[in-house]
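The structure appears right after this line, and notes come after that.
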């Protein structure tokens, strides 16, 4: 899908999600295992459940059916919450999650930066405190980024099964 068309569809999807009373955390079109997947991430105070995803899926499916000639021939529509290691989609996300651990993948092949987000400069550079010191990354050089789940003090390290007591 060409960028201009994708941007228009993305904004329409965002508007429809927000009209239903949810916050649209992001929209992405990705290819995985040969399949095109249109992902829409929802947020709302108190969290998102499967009923919320179903409601939004029905609304967006009806809209996407009206523009199916502009979409990839075969695609999957996925609706979910952004999750604990959520993707960062725009400049506002870098400001909102300042102070959190993140990994930023750059457009330059194989380059990345991992550390604590420090917000954004007036020059549209993302600040991140890495093990090598503070780094400023122009937002245009970012391919993708996501938060990193950092275990909190006292948090269990695994969800291993507790063996049943023998009788």
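Given the residues 56, 27, which is the only one that is part of a strand (DSSP E or B), outside the structural domain of residue 143 (by TED's automatic domain parsing) and surrounded by 15 or more Cβ atoms within 10 Å (Cβ to Cβ)?
Working: 56 fails: part of a strand (DSSP E or B).
So the residue among 56, 27 that is part of a strand (DSSP E or B), outside the structural domain of residue 143 (by TED's automatic domain parsing) and surrounded by 15 or more Cβ atoms within 10 Å (Cβ to Cβ) is 27.
Looking at segment 116-130, which of its residues are assigned to a strand (DSSP E or B) and at positive phi?
Restricting attention to segment 116-130, the residues satisfying the condition of being assigned to a strand (DSSP E or B) are 116-120, 125-130.
Selection gives 119 alone.
Kindly provide the set of residues from segment 65-92 that are without any contact (Cβ under 8 Å) to a residue 24 or more places away in the chain and part of a helix (DSSP H, G or I), ordered by number.
Answer for segment 65-92, where residues must be without any contact (Cβ under 8 Å) to a residue 24 or more places away in the chain and part of a helix (DSSP H, G or I): 65, 66, 68, 69, 92.
Only one of 41, 75 is farther than 25 Å from residue 142 by Cα, in the same structural domain as residue 14 (by TED's automatic domain parsing), surrounded by 13 or more Cβ atoms within 10 Å (Cβ to Cβ) and under 20 Å from the mean Cα position of the chain (by Cα). Can you tell me which?
The unique qualifying residue is 75.
The values are calculated or read from the model by the stated rules, or taken from the named source; none is laboratory data. Source: prediction; values computed, not measured. Here the Cβ is made from the backbone with ideal geometry for all residues, glycine too, and neighbour counts use every protein chain on show.
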